[in-house]
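Comments concern the structure below.
Just so it is clear, none of the values below were taken in a lab; they were calculated from the coordinates. Since this is a predicted model, take the numbers as computed values, not measurements. Here Cβ is always computed from backbone atoms with ideal geometry, including for glycine, and neighbour counts include all displayed protein chains.
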Amino acid sequence: MADEELRYPHWQGPYLAALSESNSSELLKKIQAAEFAIYERCQILAPGSDHLAEREAIADALAELRRLQRDKLSFPDFTER
């Protein structure tokens, strides 16, 4: 998918690259790149600004990245109690 087709291209490109990676050593790098792109975007979004849909998309993306870390890279699941 080309950047111009993405709703939030700054972070969705790296995010989708992580989702499509099958090599575990490359997956970690791509997850880190996606997390950094999301972090950068969150720094730009002003608190309380009118970006609710993007904030929800970011929350969903971060949850999926955590699932990849847990399921594909054997990271601990810190949500279990």
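Each Cα pair under 8 Å and six or more residues apart adds its sequence gap; the mean of these over the residue count of the chain is a relative contact order of 28 percent.
Look at Arg66, Arg7 and count the other Cβ atoms within 10 Å of each Cβ; fewest to most, that gives Arg7, Arg66.
Based on the alpha-carbon gyration tensor of the chain and its eigenvalue square roots a ≥ b ≥ c, which shape applies: rounded if a/c is under 1.5, prolate if not and a/b is larger than b/c, or oblate? Judged from the Cα gyration tensor, the chain comes out oblate (a/c at least 1.5, b/c at or above a/b). Against the longest principal axis of the chain, how steep is helix 9-20, in degrees 0 to 90 to the nearest 10, with axes from Cα atoms? Helix 9-20 and the main axis of the chain meet at about 20 degrees. Whole-Hz Karplus values for the stretch 62-76 come out as 5, 4, 5, 5, 5, 4, 4, 4, 5, 7, 9, 10, 6, 5, x Hz, taken residue by residue from phi with 6.51 cos²θ - 1.76 cosθ + 1.60 and θ = phi - 60°; glycine and proline positions read x. Taking each DSSP H run with n ≥ 4 as -39500 (n - 2.57) and averaging over every residue of the chain yields -23000 deg cm²/dmol at 222 nm.
Between 0 and 90 degrees, the angle of helix 24-44 with respect to the longest Cα principal axis of the chain falls at about 20 degrees.
Note on Ser22 and Cys42: their simple-model spin labels are 3.2 nm apart, each label 7 Å out from Cα toward Cβ.
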